[in-house]
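Q: Right, I'll just put the structure down here and ask away after.
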Amino acid sequence: MTDVTDVTNAWVLKNGRVIDPRSGRDGHFDLRIEGGRIAAIGKDLPTDGVRSVEVPAGFVVTPGLIDMHVHLREPGQEHKETIATGTWSAVAGGFTAVACMPNTDPVNDSASVTQFILKRAAEANFARVYPIGAVSIGSQGSQLTEMGDLRTAGCVAFTDDGHPVATALLMRRALEYASMFDVPIIEHCEDPSLKGDGVAHEGAVASMLGLRGIPSVAESIMAERDISLAELTGGRVHLAHMSARQTLRAVRDGKSRGVKVTCEVAPHHFTLTDEALKEGAGYNTNLKMNPPLREEADRLAMVEGLRDGSIDVISTDHAPHHADEKALTFDHAPFGIVGLETCVPLCIDRLVHAGVISLSRLVELLSCRPAELLRIPGGTITVGAPADLTVLAPDASVTISAGALVSKSKNSPFDGWTLKGAAAATIVGGRVLYTNPAIPGAASLTPSWEN
Amino acid sequence: MTAAVRLRSRHLLGISDLDPSEIELILDTAVAMKEIGTRTIKKVPALRGRTVVNLFFEASTRTRLSFELAEKRLSADTMGITAAASSVIKGETLADTVRTLEAMSPDIIVLRHPSSGAPHLLSTFCHSGIVNAGDGMHEHPTQALLDALTIRERKGRLAGLKVAIVGDLMHSRVLRSNVLLLTKMGVEVRVCGPRTLMPLGLSALGVHVTYSLDEAVKDADVVMMLRLQHERMNGMFLPSLREYFTLFGLTRERLKHAAPDVIVMHPGPMNRGVEIDSVVADGPRSVILDQVANGVAVRMAVLYLLAGEDVTP
Amino acid sequence: MPAVMDADRIGRSLMRIAHEILEHNRGAENLALVGIRARGVPLAERLAANIVAAGGPSVPTGSLDITLYRDDLMRYQVGPQPILRRTDIPFSIDDRTILLVDDVLYTGRTIRSALDALIDFGRPTSIQLVVLVDRGHRELPIRADYVGRNVPTSRQQSVQVRVLEIDGRDEVEVHDAEVTS
Ligand SMILES: [Zn+2]
């Protein structure tokens, strides 16, 4: 875990509407921050000479948002993203912490790689970084990594993301072994034989575009395997970037049986469908991701899962790729899109303003549940805890410009979208790291000494 | 159906972009182009001074020669570039190659590429007109147009005809372009092939889907056989060629249930004894050689209609 | 605008030209008529009938589409592109005298294209040009051998020829504004 606390400054974030689902707070409170931690929470706290920053009306203060599925690409693929640019992109999107996937080069399958990531993150000193280790050495699917060592070095979960855990036997052992450390296995659900060389959702759209399909059941079959193994072992399995309604059905069944299964969905899977592949000249490679954009019935199922609580987490699967890599034909372009800076506007616009969920429920999805699943600090605002806070402007209108993203890569399908709701400011360890220049009043959240 | 007076787009990316009146325009123009092939001097100066590049990332002798002949008959300056199969593996050669070509400012690029959507990608950054000569499993618009010309020539019309398309439907760009064209023109289309090679979503296009060759062929005015690619012949799509021919091979016996004046088509190259019996392929109902001749005329028509400066008179 | 030629006058002109053709070619052995699409084609057919009526032999008639020989290929974003129609010359033009027939002779560029097109079909003994109207303003060294009527015009004017077979009536009009025919 990185330490980015600020020990010198004390200040008061005054009279902001605080939404903190875990403490049950939803009202106007003052937050006193000292030494990078929350020192006091209350109404009309004395400012006794320390600086005081008034939260503009309409803004909402929440526990810092946590994205538990991010590809930071460093080490090895620094032309796509670095730990510094990725964590800055996180902060610009309202995230105070990210968990990063191990499919780097080399793979994060040893403590030395984990330590390298944490060192880089500390140097950057933006969002907190929680590394996720590989399940198998090189994510090759044969030999378990030294999970104990990785856990000690700072890994908070294990996954072979990019690929599923190769065999049922390996998954069984991984769940058993990781349960000793109370760490979840995060699964990229995909049956390799059914996926084949598919590049888009298997359905009428791919069929007419002449693109090889990836059937929905490629995902749900693997989910069912893993849920059964979690049931057998008592281990915790977390299904990453769910896209298919069949997978959600499997999760609901598992949960109802008491299996320790949790799941996440990415914003593109509850905002887009494969129909988008036909727009414009067609074949926009910024619509190519794995799992692929599915049908409207799947999109609606994801929205319903968010509404009824069967989905635990929203994470972005932030997957930066260089423009040259995405400028290939659809079948040759790599899978994945950036997501850190577009997540909050998409969630507030398409879920909160659309009446699907409350802002409080959104905070659970983007902060409370990730912290709980990964057993990391945050997810609630408590006295003594690090002052990691996100200030949201739910009613501000923003227009996404892919070219203006601070991520090193600009591969977003949401270029040009105008959405209502955004992160106004991001506070990590008591420091206001980012205020959103597109939102009127956000700049006033910067304490004077930060300038 | 009245023909359009011009094509709206500078590119021919697929039949999906054409409306019925544009299809009529291309076919009518092709009829006039066909006459040029009957002359002693089979050449007109229409595209004199225009440059056409044939960019083939996939081996295809027939289509390439057909385009080359069409270009030569229109007096265009042509260049052929056939990328080695090894460089096709990496898609990046497409953008790189085309940027180099653009320095020579070709008026039209004819592109054959193994990736679906490759011509669409090109059209987003390229100044030349793009003609899709086949992209992956997506479209092969000039093939569908030459098939339509052949049918219209033999039957005098398209609307109201019954056309059966049989074979590996999933991997066939000929199937997709033909289904789009024929349904736009009011043809009753039946498609037939093994379930393992049947793409999703065909019935939503108003096409009748069947796994019975006899049902597809019954009373058909046209039977169009598709090529079974060698790589599909083994493995999990089909148990054996013998069984494929038994279930889906077109024989004289099975053709008896078609309309008496049925015509048999094949985009070539044929696998004799796999999808079609030689007796049928070379028989009196076969119009396979007409298709080849019409290919040149249709490609002349497309090139002619796309060439030239865009002007407002 | 007044019609510079009515149906009667057009009819008489075509009959006179038929006689001139017979006279000029000493009978009509080895003659063939080729009409330039669109309105040259019915004019050529009428001339063929007139030659028979004037006591001459039956003269083979063909049609020529010169669209592919024009020197101004454009893609019109608004309005029509010239529609390509079939060229139909069902006889050998080698060692024949070809009478090329068009409705209006103006800059000469259409005739230049037609000559190119015709030459691609073979090597005629000679080519003679028949036009219903000569409106002047040549840009190429081309002249007609047989003219229905010379109509002096300005470049701003346009000449509209209508023929029964295509337009439902016979007449020639001169307009002050450009009218696309
Ligand atoms: Zn994944």
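The values are calculated or read from the model by the stated rules, or taken from the named source; none is laboratory data. Given the structure is predicted, the values throughout are model-derived calculations rather than measurements. Every residue, glycine among them, receives a Cβ derived from its backbone with ideal geometry; neighbour counts consider all protein chains shown. Surface areas here come from the heavy atoms of the whole protein model, side chains and all, with no ligands, DNA or RNA. Shrake-Rupley method; radii C 1.70, N 1.55, O 1.52, S 1.80 Å.
Q: Other chains' Cβ within 10 Å of B:115-127 residues: what's the mean?
A: Rounded to a whole number, the mean comes out at 6.
Q: How about the range B:14-51: which of its residues lose at least 30 Å² of accessible area in the presence of all protein chains relative to their chain isolated, using a 1.4 Å probe?
A: Relative to the lone chain, where solvent access is computed with a 1.4 Å probe, the range B:14-51 loses at least 30 Å² at B:Ala32, B:Glu35, B:Arg39, B:Ile41, B:Pro45, B:Ala46.
Q: Checking an interface number: how much accessible area is buried between B and C, summed over both chains, with a 1.4 Å probe, in Å² rounded to 100?
A: 2500
Q: Could I ask something else about it? Among the listed pairs B:Lys72/B:Lys155; A:Lys255/A:Lys278; B:Lys72/B:Lys256; A:Lys195/A:Lys326; A:Lys80/A:Lys278, give every one whose C-alpha distance is greater than 32 Å.
A: As for pairs spanning more than 32 Å Cα to Cα, those are A:Lys255/A:Lys278; B:Lys72/B:Lys256.
Q: What percentages, rounded to whole numbers, describe P(r) for the range A:237-285 computed over all alpha carbon pairs with 10 Å bin width beginning at zero?
A: Histogram of Cα-Cα distances, whole percents per bin: 23, 39, 23, 12, 3.
Q: With every atom except the alpha carbons ignored, what do you get for Rg and Dmax of the range A:96-203, in angstroms?
A: Cα radius of gyration and Dmax of the range A:96-203 are 14.6, 46 Å respectively.
Q: Rolling a 1.4 angstrom probe over the protein heavy atoms, how many square angstrom per residue are accessible across chain A?
A: In whole numbers, chain A has 33 Å² accessible per residue.
Q: Return the value, in Å² to the nearest 100, of accessible area buried between chains B and A (probe 1.4 Å, both sides summed).
A: Chains B and A together bury approximately 1600 Å².
Q: Further question: Taking 0.36 nm per residue of separation and subtracting the Cα-Cα distance, what length does fully extending A:Val406 through A:Leu300 add?
A: Full-extension gain reported as 35.1 nm.
Q: Can you pull the one-decimal nm distance between simple spin-label points at C:Asp94 and B:Tyr211, each 7 Å off the Cα toward Cβ?
A: My value for the distance between the label points is 6.2 nm.
Q: Continuing with the same structure: Using Cα-Cα distances under 8 Å and only pairs 6 or more residues apart, what relative contact order does the range B:78-217 have, in percent?
A: 16
Q: Counting only helical runs of four or more DSSP H residues, what would the 222 nm mean residue ellipticity of chain B come to if each run contributes -39,500 (n - 2.57) and the total is spread over all its residues?
A: It lands at -11500 deg cm²/dmol.
Q: Using alpha-carbon positions, what is the distance between the centroids of the range B:10-89 and the range A:362-414, in Å?
A: 54
Q: Hey, another quick one. How many nm is it between the label spots at B:His230 and A:Ser397, if each spot is 7 Å from the Cα in line with the beta carbon?
A: Roughly 6.1 nm, to one decimal.
Q: Residue farthest toward the positive end of the dipole of the range A:64-374, with Cβ of Lys/Arg at +1 and Asp/Glu at -1: which of A:Phe181, A:Ile117, A:Ser216?
A: In the range A:64-374, that residue is A:Phe181.
Q: Please work out how much length the chain gains when fully extended from A:Ser193 to A:Arg375, using 0.36 nm per residue of separation minus the C-alpha to C-alpha distance, in nm with one decimal.
A: So the chain would gain 62.1 nm between A:Ser193 and A:Arg375.
Q: For the range A:10-85, give the share of DSSP beta bridges that are antiparallel, in percent and rounded to the nearest 5; count only bridges with both residues there.
A: In the range A:10-85, DSSP labels about 70 percent of beta bridges as antiparallel.
Q: Only bridges with both residues in chain A count here: give the DSSP antiparallel percent, nearest 5.
A: Roughly 50 percent of the beta bridges in chain A run antiparallel, per DSSP.
Q: Threshold 30 Å², probe 1.4 Å: give the residues of the range C:37-70, in number order, that are less accessible with all protein chains present than with their chain alone.
A: Residues losing area: C:Leu68, C:Tyr69.
Q: Something else now. Using only the alpha-carbon atoms, how far is helix B:141-155 inclined from the longest principal axis of chain B? Give it as 0 to 90 degrees, nearest 10.
A: For helix B:141-155, the angle is close to 60 degrees.
Q: Let me ask you something else. Using the beta-carbon distance between A:Gln115 and A:Ala166 and R0 = 25 Å, what value does 1/(1 + (r/R0)^6) give for FRET efficiency, to the nearest 0.05?
A: With R0 = 25 Å, the Cβ-Cβ based efficiency is 0.40.
Q: Let me ask something else. Which value in nm describes the separation of the simple spin-label points at A:Glu146 and C:Asp8, placed 7 Å from the Cα toward the beta carbon?
A: Each label point is offset 7 Å from its Cα along the Cβ direction, giving 11.5 nm.
Q: Related question: Could you tell me whether the range A:64-374 comes out rounded, prolate or oblate from its Cα gyration tensor? Rule is a ≥ b ≥ c as square roots of the eigenvalues, rounded for a/c under 1.5, then prolate if a/b exceeds b/c, otherwise oblate.
A: rounded
Q: What is the distance in Å between the Cα centres of the range A:298-343 and the range B:142-213?
A: Centre-to-centre (Cα) distance: 36 Å.
Q: Rounded, prolate or oblate: which fits the range C:3-176, taking a ≥ b ≥ c as square roots of the Cα gyration tensor eigenvalues, rounded meaning a/c under 1.5, else prolate when a/b beats b/c?
A: It comes out oblate by the Cα gyration axes.
Q: Can I ask one more? Going 7 Å from the Cα of A:Asn125 in the Cα-to-Cβ direction, what parts of the range A:416-440 have a backbone nitrogen less than 19 Å from that spot?
A: Inside the label zone: A:426-435.
Q: First compute the accessible area of the protein assembly as shown with a 1.4 Å probe, then give the percent of it belonging to carbon and sulfur atoms.
A: Ligands and nucleic acids excluded, carbon and sulfur give 51 percent.
Q: For B:Lys43, which aspartates and glutamates qualify as cross-link partners when the Cα separation must be under 17 Å and same-chain residues fewer than eight apart are set aside?
A: B:Glu35, B:Glu68, B:Glu71, B:Asp77, C:Asp65, C:Asp71, C:Asp88, C:Asp116, C:Asp120
Q: Could you work out which residue, out of B:Leu55, B:Leu25, B:Leu65, moves most in a Gaussian network model of chain B, that is, has the largest mean-square fluctuation with Cα springs under 10 Å?
A: Looking only at B:Leu55, B:Leu25, B:Leu65, the largest GNM fluctuation is found for B:Leu65.
Q: If we count every other residue with Cβ under 13 angstrom of B:Lys34's Cβ, Lys/Arg +1 and Asp/Glu -1, where does the sum land?
A: Here the charged neighbours net out to +1.
Q: Antiparallel versus total DSSP beta bridges in the range B:1-157: what percent is that, nearest 5?
A: 5
Q: Using +1 at the C-beta of Lys and Arg and -1 at the C-beta of Asp and Glu, which of A:Leu239, B:Ser60, C:Pro42 has the Cα lying farthest in the positive direction of the dipole of the protein assembly as shown?
A: Positive-end residue among those listed: C:Pro42.
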